[in-house]
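Participant: Encoded as structure tokens, here's the structure I'll be asking about.
The values are calculated or read from the model by the stated rules, or taken from the named source; none is laboratory data. In this text, all values refer to a predicted model and were calculated from it rather than measured experimentally. With ideal geometry, Cβ positions are generated from the backbone for all residues, glycine too; neighbour counts draw on all protein chains shown.
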Amino acid sequence: MKGENDPLAAFWMPFTANRAFKAHPRQLVSASGMHYRSADGRTILDGTAGLWCSNAGHCRPEIAEAIAKAAASLDFAPTFQLGHPQAFELAQRLAALMPEGLDRIFFTNSGSESVDTALKIALAIQRARGQGTRTRLIGRERGYHGVGFGGISVGGIVSNRRTFGGGLPGADHLRHTHDIARNAFSRGFPPHGAELADDLQRLVDLHGAETIAAVIVEPMAGSTGVLLPPAGYLQRLREICDRHGILLIFDEVITAFGRVGGATAAGRWGVTPDILTMAKGLTNAAVPMGAVAVKRELHDAVIDSAPGGIELFHGYTYSGHPLACAAGLAALDLYARDGLFDRADELAGYWEDAAHGLKGRRHVIDIRTIGLVAGIELEPRPGAPTARAMELFHACFDNGLLVRATGDIIALSPPLIVEKAEIDAMFGTLGELIETIA
Ligand SMILES: Cc1ncc(COP(=O)(O)O)c(C=O)c1O
């Protein structure tokens with residue numbers, strides 16, 4: 001049988017070119033702070049906080065100890081018709097970090113589950129409000145909302161959709177906001193494109209507001225290459241939602257927990273959604289966990305309109321898992337103690353200057369930063385789109401730097417404990433290696 005004796009054969013790796021990886025495996029074996037250690041004994045500077053998730057850096061002892069303690073004292077407790085104190089405590093702590101009013105928290109185990117939960121909660125809210133005809137869910141081109149059927153239905157990445165059928169009936173999409181022709185190399189929010197929010201009005205005119213339950217967007221689209229919201233875009237989307245009774249969901253799986261400064265992008269940028277999804281940084285990625293924050297009155301509408309018994313027929317065996325709660329509480333303590341949500345703001349200027357230092361380098365056609373995120377867009381190689389960024393990703397890894405390649409874009413999102421010298425090292429390495437890529 002093929003691969004019978006190959007120790008790498010059994011693991012069907014996610015979002016991976018399995019054949020290429022297994023021919024040239026690059027494995028990580030340990031981590032600490034800003035660094036990984038590779039299987040061949042090299043130290044790798046983590047420019048991506050793992051997958052946008054280890055916001056306080058790796059293997060923080062406080063988190064490790066909290067998990068070990070939970071594992072030894074309450075390894076599992078159901079949260080269906082039962083509970084345990086740390087789940088309530090974490091929900092309360094999270095509620096306090098959310099934008100005002102979003103103080104009801106549902107636990108999941110991942111970003112994808114948070115998204116599907118948020119979409120289902122939106123449908124439940126509309127039904128509870130007597131708006132049961134509102135079943136249509138709107139996403140955006142180039143949006144990434146995980147891999148559940150709900151998430152890919154509203155997501156806007158063709159390769160994540162084409163294999164898997166038609167998706168949820170009635171899902172539709174706003175146009176994406178990426179516009180290099182007008183916004184290349186701008187700093188902060190791109191100046192052009194607020195009017196693209198009017199696309200929601202176009203969909204209202206097309207489908208009828210009474211069919212639309214919710215619109216979901218990432219405040220900043222991370223996975224498709226750090227696409228920043230044009231100045232005024234999110235505010236305009238909020239206004240159109242309000243005008244038509246459409247719920248606004250922010251997918252903050254990447255942006256929550258300090259990535260753009262503040263606990264959430266919504267809070268930092270002053271636009272409040274009705275529902276907000278989180279995951280990744282919630283436990284500093286030490287135990288899988290996600291959560292959905294919901295406006296109190298919308299939560300109450302669902303709870304109060306139920307005839308008795310279970311109000312929402314939804315949940316996961318591991319919703320509020322004790323180990324995840326312990327990791328979450330320890331992570332929130334660390335974030336607060338070390339002031340990590342302020343660090344993206346404090347370092348944003350330095351980070352932005354360092355990133356924009358790559359302007360003029362070979363192949364670079366745009367640079368975008370916000371908080372401690374950067375996207376460096378490369379001109380696609382003729383006839384071989386995405387190849388350049390993937391080669392650069394490999395070159396960086398082989399030279400001790402972890403970056404992320406998405407399409408023709410290199411994304412950086414380091415742990416929030418990053419120091420200026422490490423920022424210099426990241427962009428220094430990138431700048432040198434870009435020149436070596438054909
Ligand atoms: C905005 C957004 N939503 C959802 C997800 C899916 O999260 P997960 O991979 O934990 O399911 C991601 C993952 O990158 C994300 O960036």
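Participant: Suppose the filter is under 20 Å from V147 (Cβ atoms), surrounded by 15 or more Cβ atoms within 10 Å (Cβ to Cβ) and not hydroxyl-bearing (S, T, Y); does G167 pass it?
Facilitator: Here the answer is yes, as G167 does meet what is asked.
Participant: In addition: Being charged (D, E, K, R) and part of a helix (DSSP H, G or I) is the filter; apply it to the range 58-84 and report the residue that is surrounded by the most Cβ atoms within 10 Å (Cβ to Cβ).
Facilitator: Only one residue tops the list, namely E62.
Participant: Sticking with this structure for a sec: Looking at G57, G33, G50, which one is under 22 Å from A344 (Cα atoms), within 16 Å of the ligand (Cβ to nearest atom) and of a type outside the set (S, T, N, Q)?
Facilitator: G50
Participant: Among the residues of the range 239-270, how many are among the basic types (K, R), within 27 Å of A49 (Cα to Cα) and part of a helix (DSSP H, G or I)?
Facilitator: Selection size over the range 239-270: 1.
Participant: Quick one: in the range 43-75, of everything that is in contact with a strand residue (DSSP E or B) (Cβ under 6 Å, 6 or more places away or on another chain) and among the β-branched types (V, I, T), which residue is nearest to G339 (Cα to Cα)?
Facilitator: The selected residue is T48.
Participant: Can you spot a residue in the range 404-418 that is in a loop (DSSP other than H, G, I, E, B), at pLDDT 95 or above, exposed (fewer than 15 other Cβ atoms within 10 Å of the Cβ) and outside the structural domain of G225 (by TED's automatic domain parsing)?
Facilitator: No, the range 404-418 has no match at all.
Participant: Give me the pairs: first residue in the range 299-320 and hydroxyl-bearing (S, T, Y), second residue assigned to a loop (DSSP other than H, G, I, E, B) and at pLDDT 95 or above, beta-carbon distance under 6 Å, and six or more apart or on different chains, which are they?
Facilitator: Y316/N109; Y318/N109; S319/T79
Participant: Looking at the range 101-157 only, could you name the residues that are part of a loop (DSSP other than H, G, I, E, B) and charged (D, E, K, R)?
Facilitator: D103, R129, R134, E141, R142 - these are the residues of the range 101-157 that are part of a loop (DSSP other than H, G, I, E, B) and charged (D, E, K, R).
Participant: Another question, if that's okay. Quick check on this structure: which one of A87, A96 is away from the ligand (no atom under 16 Å from the Cβ) and touching a Ser or Thr at 6+ places or on another chain (Cβ under 7 Å)?
Facilitator: A87
Participant: Quickly run through the range 113-154 and pick out the residues that are buried (at least 22 other Cβ atoms within 10 Å of the Cβ), small (G, A, S), near the ligand (Cβ under 9 Å from one of its atoms) and within 15 Å of G315 (Cα to Cα).
Facilitator: S114
Participant: May I pose another question? Do the conditions hold for L276, that is, is it in the same structural domain as Q126 (by TED's automatic domain parsing) and under 30 Å from H58 (Cα atoms)?
Facilitator: Against the criterion (in the same structural domain as Q126 (by TED's automatic domain parsing) and under 30 Å from H58 (Cα atoms)), L276 qualifies.
Participant: Now a separate question. Output the residues belonging to the range 158-169 that are part of a loop (DSSP other than H, G, I, E, B) and of a type in the set (G, A, S).
Facilitator: Across the range 158-169, the qualifying residues are G165, G166, G167.
Participant: Further, regarding this structure: For L97, are the conditions met, namely being in contact (Cβ under 8 Å) with a residue 12 or more places away in the chain, within 22 Å of the chain's Cα centre (by Cα) and closer than 25 Å to G225 by Cα?
Facilitator: No; evaluated as a whole, the condition is false for this residue.
Participant: So, S32, is that one of a type in the set (S, T, Y), outside any loop (DSSP other than H, G, I, E, B) and within 30 Å of Y335 (Cα to Cα) or not?
Facilitator: Yes, satisfied.
Participant: Confirm whether R236 is away from the ligand (no atom under 12 Å from the Cβ), without any contact (Cβ under 8 Å) to a residue 12 or more places away in the chain and not in a loop (DSSP other than H, G, I, E, B).
Facilitator: In short, no.
Participant: Would the range 237-246 turn up any residue that is closer than 18 Å to S110 by Cα and basic (K, R)?
Facilitator: no
Participant: Just need a number here: residues in the range 1-50 that are within 21 Å of the chain's Cα centre (by Cα) and more than 21 Å from A425 (Cα to Cα).
Facilitator: 4
Participant: Same structure, new question: So, A39, is that one small (G, A, S), in contact with a Cys (Cβ under 9 Å, 6 or more places away or on another chain) and surrounded by fewer than 19 Cβ atoms within 10 Å (Cβ to Cβ) or not?
Facilitator: Criteria not met by A39.
Participant: Name the pairs whose Cβ atoms lie under 9 Å apart, with the first residue in the range 347-372 and within 18 Å of R182 (Cβ to Cβ), the second acidic (D, E) and in a helix (DSSP H, G or I), and 6 or more positions between them or separate chains?
Facilitator: I367/E352; T369/E352; I370/E352
Participant: Moving on to the next point. May I ask you to say which residue of H314, H356, H321 is surrounded by 23 or more Cβ atoms within 10 Å (Cβ to Cβ) and over 19 Å from the mean Cα position of the chain (by Cα)?
Facilitator: H321
Participant: Of all residues in the range 205-244, how many are farther than 16 Å from N183 by Cβ and either surrounded by fewer than 22 Cβ atoms within 10 Å (Cβ to Cβ) or within 18 Å of the chain's Cα centre (by Cα) (or both)?
Facilitator: Of the residues in that region, 22 qualify.
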